[in-house]
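Here is the structure we will look at, set down as structure tokens.
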Amino acid sequence: MEYTHKPVLLHQSLEGLNIRPNGTYLDGTLGRAGHSLEIVKRLTTGRLIAIDRDKAALDAAPARLEGYMDKVTLVRGNFGDLTEVLASLGVSGVDGMLFDLGVSSPQLDDGSRGFSYLQDAPLDMRMDQSAPLTARDVVNGWTQEELKRILWQYGEERYSGPIAAAIVRAREQKPIETTGQLAELIRNAMPGKAKREKQHPAKRSFQAIRIAVNDELGEVERLLSGALDTLNVGGRLAVISFHSLEDRLVKTAYAEWAKGCTCPPDFPVCVCGKTPKVKLVGKRPIVADDEELNANPRSRSAKLRVAEKL
């Protein structure tokens with residue numbers, strides 16, 4: 001199937017990375033290689049390492065990056081394992097990293113993957129289709145309390161209680177097998193005023209289940225724990241997030257790295273000796289401009305944060 005892919009915050013990401021032609025760069029979320037293509041175009045003797053857990057993304061990459069593959073190393077894996085990935089390649093450090101978090105447009109557009117509440121398909125939602133846990137497992141196997149927790153925590157779904165209860169009642173009769181069944185269950189569990197909202201009633205719940213299936217927040221935490229150690233001095237870390245929980249993790253990590261000193265505010269002088277590890281590139285997150293919002297509605301919730309290692 002043909003994909004139309006618009007990489008989010010493309011120009012802002014490239015500017016944030018401050019690419020050097022002979023540098024080594026990592027795209028931790030290859031997707032359909034929109035960001036990767038523009039990074040590798042700017043390299044001469046440099047190298048791009050591109051990671052993705054989705055085999056479909058890696059299979060499509062050589063065609064997308066045709067003419068540049070001599071500068072590209074493709075790796076199937078999770079970006080949370082970036083330290084191990086780079087070590088396995090014999091790379092001691094990189095000059096820039098880009099991470100475009102969340103589900104990719106092709107995964108959403110391919111109805112058979114089970115990410116979309118708009119197309120009926122088997123409940124799956126795995127970014128890595130070799131992973132053991134599916135959305136069907138979560139929906140049919142997790143307790144009502146656990147379902148309620150993830151719907152509230154990961155989806156900020158205010159009707160998490162009634163939805164979780166409806167799922168459990170339905171699966172007691174027969175397993176919930178498809179996205180269409182689940183979306184209809186969610187819709188019917190909500191009050192009338194919620195069904196009249198602009199966004200689809202199942203949007204928040206599907207997001208929550210997808211995050212749980214793919215351990216997306218855990219991957220972000222692992223990414224942030226290893227990123228600085230694998231970044232060369234002067235190198236930049238650029239992260240695009242689409243969810244408030246992801247963005248909060250990134251924002252908190254950046255602030256901690258940039259602060260340095262941990263002495264109490266009333267100490268007259270610093271005694272801890274800690275110094276900032278990064279400088280923030282821009283005080284506020286970078287968001288899409290009107291032109292991009294009109295061309296690509298999926299960019300509406302995107303936030304880019306950039307930090308440079310000191």
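The values are calculated or read from the model by the stated rules, or taken from the named source; none is laboratory data. Because the structure is a prediction, the values reported are computed rather than measured. Cβ atoms come from the backbone with ideal geometry, glycine included; neighbour counts cover every protein chain shown. Note: areas computed on protein heavy atoms with side chains; ligands, DNA, RNA excluded. Shrake-Rupley method; radii C 1.70, N 1.55, O 1.52, S 1.80 Å.
Conditions (1) of a type in the set (K, R); (2) under 29 Å from K251 (Cβ atoms), marked per residue:
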site	(1), (2)
E184	no, no
M190	no, no
A194	no, no
K198	yes, yes
P201	no, no
A208	no, yes
V213	no, yes
R222	yes, yes
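Within region 221-263, track down each residue that is modelled with pLDDT of 95 or more, outside any helix (DSSP H, G or I) and not polar (S, T, N, Q).
L231, V233, G234, G235, R236, L237, A238, V239, I240
Give all pairs with beta carbons closer than 7 Å in which a residue from region 112-140 that is closer than 14 Å to I209 by Cα and of a type in the set (G, A, S) meets a residue that is at pLDDT below 95 and not in a loop (DSSP other than H, G, I, E, B); count only pairs at least 6 apart in sequence or on separate chains.
S116/L108
When you scan region 192-209, do you find a residue that is open to solvent by 10 Å² or more (accessible area, probe 1.4 Å) and either touching a Leu at 6+ places or on another chain (Cβ under 7 Å) or aromatic (F, W, Y) (or both), even just one?
no
Does E246 qualify as being open to solvent by 20 Å² or more (accessible area, probe 1.4 Å) and either touching a residue at least 60 places away in the same chain (Cβ under 8 Å) or not aromatic (F, W, Y) (or both)?
So E246 fails the test.
Where in region 10-110 are there strands (runs of 3 or more DSSP E), lying fully within it, with 3 or more residues that are in contact with a Gly (Cβ under 8 Å, 6 or more places away or on another chain) and open to solvent by 10 Å² or more (accessible area, probe 1.4 Å)? Full working, then the answer.
Details: elements: 24-27, 47-52, 72-76, 94-100.
Per the criteria, no element qualifies.
Looking only at region 262-292, which residues are within 17 Å of R236 (Cβ to Cβ), more than 20 Å from the chain's Cα centre (by Cα) and β-branched (V, I, T)?
Result: V278, V281.
Just checking, does region 14-28 include any residue being out of contact with any helix residue (DSSP H, G or I) (no Cβ under 6 Å at 6 or more places or on another chain), in contact (Cβ under 8 Å) with a residue 40 or more places away in the chain and among the hydroxyl-bearing types (S, T, Y)?
yes
Provide a single number: the residues in region 161-191 that are open to solvent by less than 60 Å² (accessible area, probe 1.4 Å) and either assigned to a helix (DSSP H, G or I) or touching a residue at least 40 places away in the same chain (Cβ under 8 Å) (or both).
18
When region 224-243 is examined, which residues are found to be among the hydroxyl-bearing types (S, T, Y) and open to solvent by 40 Å² or more (accessible area, probe 1.4 Å)?
Selection gives S225 alone.
Kindly indicate whether D247 is within 21 Å of M97 (Cβ to Cβ) and within 21 Å of the chain's Cα centre (by Cα).
Values: within 21 Å of M97 (Cβ to Cβ): yes; within 21 Å of the chain's Cα centre (by Cα): yes.
So D247 fits the description; yes.
Would you pick out the residues in region 210-223 that are open to solvent by 20 Å² or more (accessible area, probe 1.4 Å) and in contact (Cβ under 8 Å) with a residue 12 or more places away in the chain?
Of everything in region 210-223, those that are open to solvent by 20 Å² or more (accessible area, probe 1.4 Å) and in contact (Cβ under 8 Å) with a residue 12 or more places away in the chain turn out to be R210, L217, E221, R222.
Of (1) β-branched (V, I, T); (2) open to solvent by 50 Å² or more (accessible area, probe 1.4 Å); (3) touching a Gly at 6+ places or on another chain (Cβ under 8 Å), V271 satisfies all except one. Which?
The failed condition is (3).
Just for region 111-160: of the residues that are of a type in the set (A, V, I, L, M) and open to solvent by 20 Å² or more (accessible area, probe 1.4 Å), which one is modelled with the lowest pLDDT?
L118
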